[in-house]
Amino acid sequence: MERMRGSPDIKDTPGLPMLSIDMENKENGSLDTENLVENGRPPDPADWAVTDVVNYFRTVGFEEQAHAFQEQEIDGKSLLLMTRNDVLTGLSLKLGPALKIYEYHVKPLQTQHLKNTSL
């Protein structure tokens, strides 16, 4: 990968704490949801406002689809209640992105939330 002129190399800035998010977007659009608790969102999705949900989906590469969550006023509590059918039909998204959003983001967030609340 070629460096752009004038842009500092990350290795040249010692001592700066880096937020490490594995953005190696695994062809399915999935990311390790445990590492996304920074970025100004509360760690528990149940506490997310609509803007947090929208920003989450923008951050993970669903810029276009994030608008649907805004339109439908989906906050964290609503997100955690969504079924596969809600995501596939209720948001009026194209099928491909809708499947990825549910399988690789909504479902894992729901699972993570259940694990954390049952501790």
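The values are calculated or read from the model by the stated rules, or taken from the named source; none is laboratory data. For clarity, every value in this text was computed on a predicted model and none was experimentally measured. Cβ placement follows ideal geometry from the backbone for every residue including glycine, while neighbour counts extend to all protein chains displayed. Quick note on the areas: whole protein, heavy atoms, side chains included, nothing else; ligands and nucleic acids left out. Shrake-Rupley method; radii C 1.70, N 1.55, O 1.52, S 1.80 Å.
Against the test of being free of Cβ contacts under 8 Å to residues at least 24 places away in the same chain and surrounded by fewer than 13 Cβ atoms within 10 Å (Cβ to Cβ), the options Glu64, Glu71 yield a single qualifying residue, Glu71.
Please work out if Leu99 is over 15 Å from Val60 (Cβ atoms) and either of a type in the set (A, V, I, L, M) or open to solvent by 80 Å² or more (accessible area, probe 1.4 Å) (or both). No: the conditions fail for Leu99. Of the residues making up the stretch 49-65, those that are part of a helix (DSSP H, G or I) and within 15 Å of Tyr104 (Cα to Cα) are Val53, Tyr56, Phe57, Arg58, Thr59, Gln65.
Filtering the stretch 85-95 to residues that are under 21 Å from Thr59 (Cα atoms) and open to solvent by 40 Å² or more (accessible area, probe 1.4 Å) leaves Ser92, Lys94, Leu95.
Take the conditions buried (at least 17 other Cβ atoms within 10 Å of the Cβ) and either modelled with pLDDT of 95 or more or touching an Asp or Glu at 6+ places or on another chain (Cβ under 8 Å) (or both) and apply them to Leu81. Does it pass? No; evaluated as a whole, the condition is false for this residue.
The numbered conditions (1) at pLDDT below 95; (2) surrounded by 13 or more Cβ atoms within 10 Å (Cβ to Cβ); (3) on the phi > 0 side of the Ramachandran plot are all true for Asp44 except (3).
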